[in-house]
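The values are calculated or read from the model by the stated rules, or taken from the named source; none is laboratory data. What you see is a predicted model, and the numbers here were worked out from it, not measured in a lab. Neighbour counts are summed over all protein chains in view; Cβ atoms, including those assigned to glycine, are modelled from backbone coordinates with ideal geometry.
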Amino acid sequence: MFDDIADKYDFMNHVLSFGIDKFWRKRLVKELRRYKPKKILDIATGTGDSAIVLLQTDAEKIIGVDISKKMLARGKEKIRKKKLSGKIELMHCDGESLKFKNNTFDAVNVSFGVRNFENLDKGLSEIYQAVKPDGIATILEFSMPGNFMIRQIYSIYFFHILPLVGRFFSQNKYAYSYLPQSVKAFPKGNQFVQRLQNAGFRQTRHIPLTFGIAEIYIGIK
Ligand SMILES: C[S@@+](CC[C@H](N)C(=O)[O-])C[C@H]1O[C@@H](n2cnc3c(N)ncnc32)[C@H](O)[C@@H]1O
């Protein structure tokens with residue numbers, strides 16, 4: 001699916017989120033900076049935006065992995081144009097079956113990617129193995145607002161307007177209906193925190209963003 005929408009992914013992302021994702025990514029960087037990570041793995045890196053923003057943590061090296069070759073191709077082009085190839089390396093790799101030695105990264109991040117894992121617990125356990133002891137895992141993911149009224153209003157946009165607009169611009173029948181349905185079915189808030197704990201993470205917490213439309217989940221190895 002991501003191969004099919006790779007060319008339009010960045011445009012769609014910013015239109016459908018009204019650019020709010022940029023603030024969420026900045027908040028993520030703020031959390032990560034506290035841990036001063038030198039080497040970061042960005043799983044489901046897509047077209048590279050999340051890897052590029054992670055440079056703001058002052059990390060020396062970011063490795064981004066993704067299973068979509070077309071998303072990666074867009075990302076590689078972007079990184080080459082921005083002359084960031086020395087700092088960011090993108091590679092084709094399944095986040096649920098990582099190819100790195102255990103305890104390699106100071107931080108592992110997944111932005112809007114874990115929702116697509118076939119087996120969430122397997123993916124979280126791979127993340128746990130890749131992080132160094134005392135290292136941090138961060139997950140930025142869509143959620144749903146906790147407040148009843150806000151949730152009702154947001155649901156009209158998310159479940160009815162967004163799929164139509166997404167379908168119109170992307171010319172893909174499936175991708176933007178899949179987005180709200182996958183968010184609906186995905187664990188949120190404390191449910192997701194519990195899954196992080198099950199994978200072995202400690203000092204777990206979550207930070208709701210913009211009324212809870214998205215969340216940053218944090219765990220320490
Ligand atoms: C919504 S995009 C997010 C891209 C990027 N992280 C961002 O924040 O814009 C989801 C990405 O997850 C990737 N993906 C899905 N399952 C994956 C897996 N098992 N391993 C690695 N990447 C995966 C898709 O190919 C896609 O590029």
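Brief remarks follow.
- When restricted to residues that are buried (at least 16 other Cβ atoms within 10 Å of the Cβ), among the basic types (Lys, Arg) and modelled with pLDDT of 80 or more, region 6-26 contains 1.
- The strands (runs of 3 or more DSSP E) found wholly in region 1-117 include none carrying at least 3 residues that are away from the ligand (no atom under 12 Å from the Cβ), closer than 25 Å to Ala214 by Cα and without any contact (Cβ under 8 Å) to a residue 60 or more places away in the chain.
- Residue-level analysis places Arg33 outside the set of residues that are crowded, with 19+ Cβ neighbours inside 10 Å and not aliphatic (A, V, I, L, M).
- Among residues of region 139-150, those that are over 26 Å from Ala44 (Cβ atoms) and touching a residue at least 40 places away in the same chain (Cβ under 8 Å), counted: 2
- Set side by side, the residues Ala130, Ala185, Ala175 differ, and just one is loosely packed, with under 14 Cβ neighbours inside 10 Å, within 22 Å of Gly46 (Cβ to Cβ) and more than 16 Å from the chain's Cα centre (by Cα), which is Ala185.
- Here the condition is being closer than 21 Å to Gln129 by Cβ and surrounded by fewer than 21 Cβ atoms within 10 Å (Cβ to Cβ); of Lys69, Lys76, Lys61, Lys81, it holds for Lys61 alone.
- From the options Phe192, Phe159, residue that is of a type in the set (Phe, Trp, Tyr), modelled with pLDDT of 95 or more and not in a loop (DSSP other than H, G, I, E, B): Phe192
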